1. Which pairs have Cβ atoms under 6 Å, sit 6 or more apart or on different chains, and link a residue in region 98-116 that is farther than 15 Å from Tyr54 by Cα to one that is of a type in the set (Phe, Trp, Tyr) and surrounded by 14 or more Cβ atoms within 10 Å (Cβ to Cβ)?
2. Looking only at region 32-61, which residues are in contact (Cβ under 8 Å) with a residue 40 or more places away in the chain and among the aliphatic types (A, V, I, L, M)?
3. Go through region 1-40 and report how many residues are at pLDDT below 90 and of a type in the set (Val, Ile, Thr).
4. Among the helices (runs of 4 or more DSSP H) confined wholly to region 25-117, which include 1 or more residues that are among the polar types (S, T, N, Q) and under 13 Å from the mean Cα position of the chain (by Cα)?
5. Does any residue in region 67-80 that is touching a residue at least 12 places away in the same chain (Cβ under 8 Å) and over 15 Å from Ile44 (Cα atoms) come within less than 7 Å, Cβ to Cβ, of a residue that is open to solvent by less than 30 Å² (accessible area, probe 1.4 Å) and among the polar types (S, T, N, Q) six or more places away or on a different chain, and which pairs are these?
6. Looking at Leu43, Leu65 in this structure, which one is modelled with pLDDT of 95 or more and either surrounded by fewer than 18 Cβ atoms within 10 Å (Cβ to Cβ) or over 15 Å from Lys122 (Cβ atoms) (or both)?
7. What number goes with the only condition from (1) open to solvent by 90 Å² or more (accessible area, probe 1.4 Å); (2) free of Cβ contacts under 8 Å to residues at least 12 places away in the same chain that Asn28 does not pass?
8. I need the full set of residues from region 69-119 which are among the basic types (Lys, Arg) and either surrounded by fewer than 18 Cβ atoms within 10 Å (Cβ to Cβ) or farther than 11 Å from Pro30 by Cα (or both), in order please.
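The values are calculated or read from the model by the stated rules, or taken from the named source; none is laboratory data. Fair warning: this is a prediction, and the values are worked out from it, not measured in the lab. Here the Cβ is made from the backbone with ideal geometry for all residues, glycine too, and neighbour counts use every protein chain on show. We work out accessible area using only protein heavy atoms, side chains counted, and drop any ligands, DNA or RNA first. Shrake-Rupley method; radii C 1.70, N 1.55, O 1.52, S 1.80 Å.
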Amino acid sequence: MPNNVADEESGDGVRNMNTTAFPVIYHNHPLFLQPTDTPDSSLISLQLTRSENYTLWSRSFRIGLVGRSKIGFADGRFSKSKFEPELHDQWEKCNAIVLSWIMNVVRPGLLSSVIYASDTRKV
């Protein structure tokens, strides 16, 4: 419910409030983060250990991302350029969360290929 008459909802899950410089992101927006979407949370219990378990790990991780509404970070649909500049900081935050979820389920020997990535899509 709008808390002043200057509020406008655009229909894409973002409400632009004339009284603030930052848009409010609602639950149906791709950049929305649940309180449980933290860097230390783990989407799956299976760890990527080698190429032999990649297919199973990948499928499990994709299901986890779909459940958290973040699969678009991995498949490129939620690239930073698709969002307005005022949402780029929020995109960076979401991207960092998804990267941390990947790092949580990759064996330490494989982390060097993930840790320096700047974009989930590239991983």
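1. So the pair list comes out as Val98/Phe73.
2. Leu33, Leu43, Ile44, Leu46, Leu48, listed by residue number.
3. Step one: of region 1-40, the residues at pLDDT below 90 are 1-24.
From what's left, of a type in the set (Val, Ile, Thr): 5, 14, 19-20, 24.
Qualifying residue count, region 1-40: 5.
4. Values: elements: 54-67, 71-75, 88-104.
Helices (runs of 4 or more DSSP H) meeting the threshold: 88-104.
5. Qualifying pairs under 7 Å: Phe73/Asn95; Phe73/Thr120; Ala74/Thr120.
6. Values: Leu43 fails: modelled with pLDDT of 95 or more.
Result of the check over Leu43, Leu65: Leu65.
7. Condition not satisfied by Asn28: (2).
8. So the first thing to find is which residues in region 69-119 are among the basic types (Lys, Arg), and the list is 70, 77, 80, 82, 93, 107.
Those that are among the basic types (Lys, Arg) and either surrounded by fewer than 18 Cβ atoms within 10 Å (Cβ to Cβ) or farther than 11 Å from Pro30 by Cα (or both): Arg77, Lys80, Lys82, Lys93, Arg107.
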